[in-house]
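Report on the structure given below.
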Amino acid sequence: MFNDIGPLELVTLVVLAVLVFGPDKLPKMIQDVTRTIRKIREFSESAKQDIRDELGPEFKDFEFEDLNPKTFVRKQLDSDDLGIKEIRNGFDLKKEMAEVTDAVHGREPEPPSASSSQASASGSVDMTKKPENTDTHEHPPFDADAT
């Protein structure tokens, strides 16, 4: 709760408390504050228990911390109910990048049998650029309307 208070700040707070309340009333004030905090915690716990009782047995796993959006999303993503792990495992980034590269360069994608045999033989897809035909120095067709 007070993790960012340093020792000098703590000493300053104690000196201020002694000056404001006096050495005679300070122990009584500390007891009153701790009693009030204890009552607030008891009230909070009883309210949580009442809410759990009213929700019924179908919400027995309900935690109030799950109402925090970050906690809720983290809990939902960690569970495998959505099948996210299957989606993540089924996505082949190297294959997708090879297809995008082929589409950008205007090449026809390799047939699935060739890529699967290449992937199964070496364990990965070869993504190095290989010159198709270096003997012909043909320029791509020029389209005046496209420029």
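The values are calculated or read from the model by the stated rules, or taken from the named source; none is laboratory data. Just so it is clear, the structure is predicted and the values come from calculations on it, not from any experiment. With ideal geometry, Cβ positions are generated from the backbone for all residues, glycine too; neighbour counts draw on all protein chains shown. Ligands, DNA and RNA are excluded from the accessible area calculation, which covers all protein heavy atoms including side chains. Shrake-Rupley method; radii C 1.70, N 1.55, O 1.52, S 1.80 Å.
Yes or no, residue by residue, for (1) part of a helix (DSSP H, G or I); (2) surrounded by 10 or more Cβ atoms within 10 Å (Cβ to Cβ); (3) at pLDDT below 85:
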{"position": "Phe21", "(1), (2), (3)": "yes, yes, no"}
{"position": "Lys25", "(1), (2), (3)": "yes, yes, no"}
{"position": "Asp50", "(1), (2), (3)": "yes, yes, no"}
{"position": "Glu58", "(1), (2), (3)": "yes, no, yes"}
{"position": "Asp61", "(1), (2), (3)": "no, no, yes"}
(message) With the requirement that a residue be in a helix (DSSP H, G or I) and open to solvent by 80 Å² or more (accessible area, probe 1.4 Å), what does the range 1-13 give you?
(response) Pro7, Leu8, Glu9, Leu10, Val11, Leu13
(message) Please go through the range 27-48 and give me each residue that is open to solvent by 90 Å² or more (accessible area, probe 1.4 Å) and either in contact (Cβ under 8 Å) with a residue 12 or more places away in the chain or of a type in the set (D, E, K, R) (or both), ordered by number.
(response) Lys28, Arg35, Arg38, Lys39, Arg41, Glu42, Glu45
